[in-house]
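Visitor: Would you mind keeping the following structure in view while I ask a few things?
Values in this text are rule-based calculations from the coordinates and carry no lab data. The structure displayed is predicted, hence computed values, not measured ones. Positions of Cβ are backbone-derived with ideal geometry, glycine not excepted, and every protein chain shown enters the neighbour counts.
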């Protein structure tokens, strides 16, 4: 079977809460950042959230997961390389993937003492999201979890940038990149988080050395990866690269740099509620439109529109009808 997109990423059950900036300060979290945490570190935060009765929603998540769910809802044939445990969260996670039409390997038979990963996502009134991630069994995702036949029979292999934070995860990424040498599979990379880029720059550089075809990032991540001081200099850096770079800029739209040419796509005018999942939605939507043969400008315009619909929603996903509404935008433009 030929897949459109296969991806390697963390399988995390996301629980999302609406909180104040004062709450973030009280639990020692930095706004609009991602922090790796243990179950013990998450526990007092969860207790405090429950005590205050914060509004919340929960679903299977993870950056690559969100991108694949979007693409699959549009009709792309997707496969997710991920690891969950045989616990309630893990079973619910796989059920959610199945309902979205995303194929997967299944429950891990290794590291059975580890729980399925969890991510607390705290959304402040300015629509920014702050994350506390406990990777659990996902941190041990390795080469044994990969179906190499699936990956090499995919049109795009998508790498979630958070994979650099675990040695097992990173080694799994490298094993796939080694396998894909001389294979006709496009390789896409999400930079995921500026702090992660700064902290694991050598690993990102090694991934880049395998011949990446697409990079997805926001403006802060673009600056971090380029090593420049500002976005203008970063754009000049990417113009010299052989791969396509898609940079999201929030309310300022997006810029795609391809073959040295900068292409701008205007943002939709909306009232933001929650930016969580916007970048994931952009990447999944862009890749789907790209595989349908649309030009770069059309892909970026479609991805901007899709992202705007997520930002108007509390949570990183749309309903099935919501994805269909977004897809109609691509078909009608």
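Visitor: Roughly speaking, what is the centre-to-centre gap between the range 293-323 and the range 161-198 when only Cα atoms are used, to the nearest Å?
Guide: The range 293-323 and the range 161-198 have Cα centres spaced 24 Å from each other.
Visitor: Provide, for q = 0.25 Å⁻¹, the log10 of I(q)/I(0) from a solvent-free Debye sum over equal Cα point scatterers in the range 182-232.
Guide: Log10 of I(q)/I(0), two decimals: -0.96.
Visitor: How high is the relative contact order of the chain? Use alpha-carbon pairs under 8 Å, at least six apart in sequence, and give a whole percent. Working shown, then result.
Guide: On the way: 706 pairs, mean separation 60.2, N = 333.
Result for the chain is 18 percent.
Visitor: Decide, for the chain, between rounded, prolate and oblate: order the square roots of the alpha carbon gyration tensor eigenvalues as a ≥ b ≥ c, take rounded if a/c falls under 1.5, and otherwise choose prolate if a/b is larger than b/c, else oblate.
Guide: Details: a/c = 1.33, a/b = 1.13, b/c = 1.18.
In terms of gyration-tensor shape, rounded.
Visitor: Counting only C-alpha contacts under 8 Å and six or more residues apart, can you give the relative contact order of the range 248-305 as a whole percent? Each step should come with its number before you reach the end.
Guide: Details: 65 pairs, mean separation 21.0, N = 58.
It comes to 36 percent, rounded to a whole number.
Visitor: May I ask you to order 62-70, 122-130 by the average number of other C-beta atoms within 10 Å around their residues, highest value first?
Guide: Values: 62-70: 30.0, 122-130: 18.0.
Going by the mean number of other Cβ atoms within 10 Å, highest first, we get 62-70, 122-130.
Visitor: Which shape class applies to the range 131-287: rounded if a/c is under 1.5, otherwise prolate when a/b exceeds b/c and oblate if not, where a ≥ b ≥ c are the square roots of the Cα gyration tensor eigenvalues?
Guide: Values: a/c = 1.63, a/b = 1.37, b/c = 1.19.
Prolate, since a/c reaches 1.5 and a/b exceeds b/c.
Visitor: First check a/c for the range 90-145, with a ≥ b ≥ c the square roots of the eigenvalues of its C-alpha gyration tensor; if it is under 1.5, answer rounded, and if not, answer prolate when a/b is larger than b/c or oblate otherwise. Spell out each step's value before the answer.
Guide: Working: a/c = 2.73, a/b = 1.56, b/c = 1.75.
Oblate, since a/c reaches 1.5 and b/c is not below a/b.
Visitor: If I take every Cα pair under 8 Å that is 6 or more residues apart in the range 266-333, average their sequence separation and divide by the length, what percent do I get for the relative contact order? Show your work: numbers first, answer last.
Guide: Numbers: 78 pairs, mean separation 28.7, N = 68.
Over the range 266-333, the number comes to 42 percent.
Visitor: State the Cα centre-to-centre distance between the range 246-287 and the range 39-77 in whole Å.
Guide: 22
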